[in-house]
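Everything on this sheet refers to the single structure shown next.
Rule-based calculations on the coordinates, nothing more; no lab input. Bear in mind the structure is a predicted one, so any value in this text is a computation, not a measurement.
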Amino acid sequence: ITFCKEHDDPDLWEDLISCSLKRPDFITFLLQRIGTYIDPRLLVQRIDSGMTIPGLKHSLVKLMQDYNLQVSVQEGCKKILVSDYFNLHERLVCMQQRGVLIDDEYFCGACHRKIIVKDVNQKNNIVVFYCHHLFHEECLPPLQVIVSCVICNSPKTNKSSIFNSAIK
């Protein structure tokens with residue numbers, strides 16, 4: 001049983017069950033110890049109907065208690081995961097709704113010129129991604145083509161050097 005638990009291989013469990021079906025004391029031993037590792041029905045359904053198994057009632061009660069404990073733990077974990085999901089989602093939404101301060105110290109991630117210029121003749125629209133990378137609209141391909149930040153999703157570049165030059 002220990003070997004099967006360590007390797008968690010369905011074929012090993014199947015071999016162990018097959019070898020144990022002829023010995024009622026082995027079946028009792030398995031029933032008391034496999035409940036949380038494999039589906040106990042794999043063993044129970046293969047027991048011959050006329051076979052007398054010592055301690056069967058006690059073994060089945062233990063098996064059900066182990067199973068109920070496992071279900072209880074899984075339900076508790078599910079509640080925690082659902083709660084964490086909603087809490088993290090709420091934090092994400094709040095972060096995405098926050099404003100982004102853009103001052104004249106920021107540079108375009110593509111052309112590396114200042115984002116904000118004082119010359120009215122050189123004014124440009126600015127594109128800001130959730131990751132806070134900034135670009136002049138004219139420095140990017142058409143917005144219909146862009147679905148995400150070209151710095152964060154650039155496969156061949158060193159992101160840290162691009163990030164440092166793009167932000168302040």
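In the chain, the DSSP-assigned H stretches of four residues or longer account for a calculated mean residue ellipticity at 222 nm of -15500 deg cm²/dmol, using -39500 (n - 2.57) per stretch and the full residue count as denominator.
Under the 0.36 nm per residue contour assumption, what length would be gained going from the current alpha-carbon distance of Ser72 and Ile1 to full extension?
Working: separation 71, 0.36 × 71 = 25.56 nm, distance 2.41 nm.
That works out to 23.1 nm of additional length.
Across the chain, C-alpha contacts under 8 Å between residues 6 or more apart give a mean separation that, scaled by the residue count, equals a relative contact order of 15 percent. Using only the Cα atoms of the chain, build the gyration tensor, take square roots of its eigenvalues as a ≥ b ≥ c, and label the shape rounded, prolate or oblate: rounded if a/c is under 1.5, else prolate if a/b is larger than b/c, else oblate. Prolate, since a/c reaches 1.5 and a/b exceeds b/c.
Calculate, in nm to one decimal, what Val128 and Lys114 gain on full extension: separation in residues at 0.36 nm each, minus their alpha carbon distance.
Numbers: separation 14, 0.36 × 14 = 5.04 nm, distance 1.38 nm.
Length gained between Val128 and Lys114: 3.7 nm.
Taking 0.36 nm per residue of sequence separation and removing the Cα-Cα distance, the Lys57/Val100 pair yields an extension gain of 8.8 nm.
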